[in-house]
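Read through the structure below, which is laid out as structure tokens, and then see the notes.
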Amino acid sequence: MHETRDLLDPETKSDSVLQVIRALMCRSGLRTELARRTGLSIASVSTAVKTLLRDGVAQGGKKEPVVLLPAAGVAVGIQIGTRRATVSARLPHWRSDQARVSRLDLGLRDGAGWLDAAADAVADLVGSIGRGPGDIATMGLAVPWAVDPRDLSPSPPAPWFAAPDLHRHLEARFGQVKVAVDTDARLGALHEQTYHHPYETLLYVEAAEHVLGGLVVGPRMLRGALGRAGGVGHHPVEPGGLDCWCGERGCLERYISVPAVLEGMYVSARGRGEEPPASIGDLVDRAGGGDPDCLWALTVAAKRLVRALRASSTTLETQAVVIGGPLAPGLRLVAGTCEDELRRSTWTRHLTVRFAERDAAAHGALILGLIGHLR
């Protein structure tokens, strides 16, 4: 067994070797694939792989996938929202689909209660893997606001629930573990590009209690000067529309966030004397059953989302957009509308629409922890 902390010790390994170890902890692959994901030349990857094979860290031939040998340390990823939290954990050499997941009905609106629940969930998952609290090697955190890459603080305009020291509170809970933190949409993009949609440029849209966008270009997550790169939630989609907490009017978040969609359905249903959907899951289930009003609400949300994608495409020419979050299953039901609306504009005619794996941001946070440990 190789301890993860030893594998990642930057004092004893070159930058190219560390880059390849990072790629292998995310996903095994052929040397050509490792070169694409690390941004290194194939020659540099081959040299690094030879070092890893010699040191007994990995195995695999020239025409076989290079695989990381078993490691003892546990990698953990946490996604926190206003109402829910998700915890993901696995050993670095495991495949992504082998990760253990725990979903909690607690979030930022519950104060510090979610921290206790998340800590218990981490302990349970680590125990189910056969490890103890001291075996947590890396941890990543996905948060529902833009993160300033300079000091990891919430980047303005920040929502009321943004907590500047959230990652430090987690570090205090878990001792010596350093917590890497970034925007949930960007980490969802990282996960989806790594495991499911290997496009060179990919935009991820998280449609939840908030609406954020995250962009990956090649092997890099594009953050921007203040961590807001790729954001689509505050693109105006209704000129002179509803006031938004960011100070603008008509922002996408005011129309397709979960609270906004449910509010619209509540007003519509009550006006007809009907019972409105109790949750976004209820709305999606009704739409799947053919409820015309629920389908119409999702169709309108899809059209507004495409308006924002058109606006972003004038400056962010991405190959694909991946939609995640609680609203994604509903938007999947009206995917044809998204495709049709995208085809109407030259700016978005080339875009491919995909839908994210459940808990993509939590899995992306796990990857961020592995990457962050190397920096």
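Extension gain, Ala225 to Ile42: 0.36 nm times the residue separation minus the Cα-Cα distance gives 62.8 nm. For segment 212-314, the Cβ-based charge dipole about the Cα centre amounts to some 620 debye (Lys, Arg positive; Asp, Glu negative; other atoms uncharged).
Candidates Thr318, Ile42, Ala85 compared by Cα position along the dipole of the chain: farthest toward the positive end lies Ile42, with charges placed on Cβ.
This model, with +1 at the C-beta of Lys and Arg and -1 at the C-beta of Asp and Glu, gives segment 98-254 a dipole about its Cα centre of some 360 debye.
Show me the chymotrypsin sites (Phe, Trp or Tyr not before Pro) within segment 156-226 that DSSP assigns to loop and that have at most 11 other Cβ atoms within 10 Å of their Cβ.
Working: sites: Trp160, Phe161, Phe174, Tyr195, Tyr199, Tyr204; in loops: Trp160, Phe161, Phe174, Tyr199.
Here the sparse-neighbourhood loop sites are Trp160.
The string of couplings for segment 253-261 from the Karplus curve (6.51, -1.76, 1.60, θ = phi - 60°) is 4, 6, 10, 10, 5, 4, x, 5, 5 Hz, one whole number per residue in order, with x for Gly and Pro.
Only one residue of Pro157, His235, Ala269 has its Cα farthest out toward the positive end of the dipole of segment 137-270, where Lys and Arg carry +1 and Asp and Glu -1 on Cβ, and that residue is Pro157. Relative to the compact-globule estimate of 2.2 N^0.38 Å, the Cα radius of gyration of segment 163-262 comes out at 1.24.
Here the chain is assigned +1 on the Cβ of each Lys and Arg and -1 on the Cβ of each Asp and Glu. Its dipole about the Cα centre then comes out at about 1120 debye. Stretching Tyr266 away from Thr201 to a fully extended chain increases their span by 19.6 nm, per 0.36 nm per residue minus the current alpha-carbon distance. For segment 239-375, the Kirkwood estimate of the hydrodynamic radius, built from every pair of different alpha carbons, is 16.5 Å. Inter-label distance, Glu171 to Asp124: 2.8 nm, where each label sits 7 Å from its Cα along the C-beta direction. When all alpha carbon pairs of the chain are counted in 10 Å bins from zero, the resulting P(r) reads 5, 24, 31, 24, 12, 3, 0, 0 %. With all protein chains kept in place, the per residue accessible area of segment 1-143 amounts to 44 square angstrom at a probe of 1.4 angstrom.
Just the protein heavy atoms count here, and of the accessible area of segment 1-149 at 1.4 Å, carbon and sulfur take up 48 percent. Accessible area per residue for segment 154-292 is 44 Å², calculated with a 1.4 Å probe on protein heavy atoms, without ligands, DNA or RNA. The stretch between Arg54 and Val101, if pulled fully straight at 0.36 nm per residue, gains 13.5 nm over its current Cα-Cα span. Kirkwood hydrodynamic radius of segment 91-228, from the reciprocal of the average inverse Cα-Cα distance over all distinct pairs: 16.2 Å.
The values are calculated or read from the model by the stated rules, or taken from the named source; none is laboratory data. Bear in mind that the values here come from a model prediction, so they are computed numbers and not experimental data. Positions of Cβ are backbone-derived with ideal geometry, glycine not excepted, and every protein chain shown enters the neighbour counts. For the accessible areas, the whole protein counts, side chains as well, though only heavy atoms, and no ligand, DNA or RNA atoms are used. Shrake-Rupley method; radii C 1.70, N 1.55, O 1.52, S 1.80 Å.
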